[in-house]
1. Does residue 109 meet the test of being within 16 Å of ligand 1 (Cβ to nearest atom) and free of Cβ contacts under 8 Å to residues at least 12 places away in the same chain?
2. Among the residues of the stretch 6-37, which ones are assigned to a helix (DSSP H, G or I), within 14 Å of residue 272 (Cα to Cα) and either of a type in the set (D, E, K, R) or within 16 Å of ligand 1 (Cβ to nearest atom) (or both)?
3. Could you tell me whether residue 3 is free of Cβ contacts under 8 Å to residues at least 12 places away in the same chain and more than 16 Å from ligand 1 (Cβ to nearest atom)?
4. Condition first: under 21 Å from residue 199 (Cβ atoms) and not charged (D, E, K, R). Now tell me which residues in the stretch 218-249 satisfy that.
5. Of a type in the set (Lys, Arg), farther than 30 Å from residue 348 by Cβ and more than 14 Å from ligand 1 (Cβ to nearest atom), is that true of residue 198?
6. Only one of 294, 380, 367, 358 is modelled with pLDDT of 90 or more, aliphatic (A, V, I, L, M), assigned to a helix (DSSP H, G or I) and under 19 Å from residue 271 (Cα atoms); which?
7. Looking at the structure I just gave you, is residue 71 closer than 25 Å to residue 143 by Cα, among the hydroxyl-bearing types (Ser, Thr, Tyr) and within 15 Å of ligand 2 (Cβ to nearest atom)?
8. Cβ-Cβ distance below 6 Å, separation of 6 or more or different chains: which pairs start in the stretch 361-374 with a residue that is free of Cβ contacts under 8 Å to residues at least 40 places away in the same chain and surrounded by fewer than 13 Cβ atoms within 10 Å (Cβ to Cβ) and end on one that is not β-branched (Val, Ile, Thr) and not in a helix (DSSP H, G or I)?
Amino acid sequence: MSEAQKLIIFDTTLRDGEQSPGASMDRDEKVAIARMLERMRVDVIEAGFAIASPGDFESVQAVATAVKDSTVCSLSRALDKDIERAAEALKPAARGRIHTFIATSPIHMKFKLQMEPDKVIEQAVRAVKKARSLIDDVEFSCEDAGRSELDFLCRIIEQVIDAGARTINIPDTVGYAMPRQYGETIRQLIERIPNSDKAIFSVHCHNDLGLAVANSLDAVMAGARQVECTINGLGERAGNASLEEIVMAVRTRKDFFPVYTDIDTTHIVPTSKLVSRVTGFPVQPNKAIVGNNAFAHESGIHQDGMLKNRETYEIMRAEDVGWSTNRMVLGKHSGRNAFKSHLAELGVLFASEAELNAAFARFKELADKKHDIFDDDLLAIAKDSQQLH
Ligand code: KIV
Ligand code: ZN
């Protein structure tokens, strides 16, 4: 097998994830999640849609200020005013990306855009050139590519690559694609577009038929080298492909996939808990990787096998994805490091030593008065201390 290539992990929890009805997040919550994603070594964080609202603009700006290792991205329609707003919000970023999109399926072009296909190409090319005049890193998405015609995708993609797009995203916007068919689309695009070697092909799959992860992985086998995904599979309607499932599939089946990721998987569960807490969306117990039962063994036969050799029933280790094996109880005799690491397991990162010290002092006060300290007590202390600074 030839050497594995890097698979870029593009997280859109803060943008498409926030499009889940009822999952809105404020600026500080977005920054807290972005910090966890950066710590996990996510390559690209889509922080929002800068023109959508003043709050979204501020969130993109705040994430661009706080995050230095990951690329920070803002979505924009293929319109000058959107692109200018995205560029403005991304000014503080060490590495910024503008992600511009236009619909390419016959149904979207006819009814939503009410534009002729040639005009759609013209607008896409103009938008990519405009974005490239403001920033080096430009991604272009063909919205509803899953229902677009292959010949039209080839035409528009060839021209936006010539205009300067360096990532080409092929979204299955309505979750319509089927695994072998979607991979074949990606393979054909890469083969047929003459300048395809100048761009990275990316996929962005929705989960309407429960196939978002399967479709994304099929596309990776066909040559896609960026996957767009979200923590806990959050996202518009039935959600997006789940980051934790994509990353762990690639890592667990190294023998199968021609790619690797840079993700530090030990931060997966704490980040999942943080996202669940912030959005109020519980994680179902049997959810792969991050559900409470994902590593629990109930039947006697399984338990017996596990006691003899864990690999009889476990293909991944719980600790590798951040489930705690630590049974330490926090009380008035606990130290600052135990306190800090317990909160990190709950997805809380302190922005400074001063914030940690303030929280630790409050914890000690509470521990003097209360015998049993629960995670909810610790989270309340952390939240209060973060607001004090
Ligand atoms: O699902 C979709 O098509 C999107 C694009 C804007 C990338 O979210
Ligand atoms: Zn989407």
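The values are calculated or read from the model by the stated rules, or taken from the named source; none is laboratory data. Here the structure is a predicted model, which means the values were calculated and not measured. Glycine also receives a Cβ, built like all others from the backbone with ideal geometry; neighbour counts cover every protein chain displayed.
1. Answer is yes for this residue.
2. Matches in the stretch 6-37: 17, 29, 30, 35.
3. For residue 3, the condition - free of Cβ contacts under 8 Å to residues at least 12 places away in the same chain and more than 16 Å from ligand 1 (Cβ to nearest atom) - is met.
4. Those that are under 21 Å from residue 199 (Cβ atoms) and not charged (D, E, K, R): 219, 220, 221, 222, 223, 224, 226, 227, 229, 241, 246.
5. Here the answer is yes, as residue 198 does meet what is asked.
6. 380
7. no
8. These pairs meet every condition: 368/332.
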